[in-house]
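Here, each number is a calculation from the coordinates, and none is a lab measurement. Values in this document were obtained by computation on a predicted structure and should not be read as measured data.
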């Protein structure tokens, strides 16, 4: 069990506004509820940002709700706030402090669109608040699901909700009309990236009714994390260090050829199972700022262009997305886009300030 330490937050609650929109979480701002995470999953990047063990202490910023209300006065109500920053909003501390619930109440009173990421089924305890937010703007839940194999999950993330409970929570959210996605983050090479693992995991996600899925691969940001990953692999099976040297070398991320091959493998399975990759446009259409909506549509399209080696079109789409998001797009840039008709239709809803 982690030590809980109550403290007073002196810095900002929200991150600075992102220079480009986050295409995974549809967001312009990010925030964390707690500092530290009792789940302590060994693959998590959060370990690299703490000198002490990431799961040893959890700091509870007791003044966070008050500071958040102040900061929201300067946030556009069409900008999505993502509660995703390296610590789970529904870790065990939430059962005592209910900080996430207080944040969602503030969002509900304001109609502030939000996306939260968790690996805990206890998010369902705040279903009424999520319904209130979603009725006014957008409330989306993204579950982290690496595998649906209970034995493997126990070795990778033994303190979080078992996969079956997460899948049941996905189905419950869908029944309630709450948009829900799945983040296969990280895909762990040689462990959760095999054809059998991908088939089983994606099939279960589709059966639970998730609206969409996205993924990213294991990051190894430093030597301490590399050692932690090696210990994790030793608990799972016999994986010589040379396996990961071939894929990573001295890099943080996996080899580009491996990434491209596995991306196509996951994508083909999603197509076969009818799973959308990235949040479908219909889920956020009309629920966020028009400039954000258009930027997301373009960035999601650019992702598929990249996978199909349409690099020029992908670069053009991302450039227009970023210009629309920042308010610097020109009519010539829009006219050159294959999605110009859709972009113009979306931007007709923009206010004069957004068009400057």
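Tabulated data
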read-out	value
Fraction of the pair-distance distribution of the stretch 130-201 above 16 Å, Cα-Cα pairs, percent	52 percent
Ratio Rg/Rh, restricted to the stretch 181-229 and using Cα atoms, in which Rh is the Kirkwood radius	1.07
Convex hull volume per residue in cubic angstrom - Cα atoms of the stretch 21-156	121 Å³
DSSP beta bridges in the chain [antiparallel fraction, %, rounded to 5]	5 percent
Fraction of alpha-carbon pairs over 17 Å apart in the stretch 215-356 - percent	69 percent
222 nm mean residue ellipticity, helices alone, for the chain (DSSP H n ≥ 4; -39,500 (n - 2.57); rounded to 500)	-13500 deg cm²/dmol
Gain in span if fully extended, residue 245 to residue 63, counting 0.36 nm per residue against the direct Cα distance	61.0 nm
Using distinct alpha-carbon pairs, which all enter the 1/r mean, Kirkwood radius of the stretch 1-83 in Å	14.2 Å
Expected-Rg normalisation [2.2 N^0.38 Å, Cα atoms] applied to the stretch 290-347	0.99
Kirkwood Rh and Cα Rg combined as Rg over Rh, evaluated for the chain	0.95
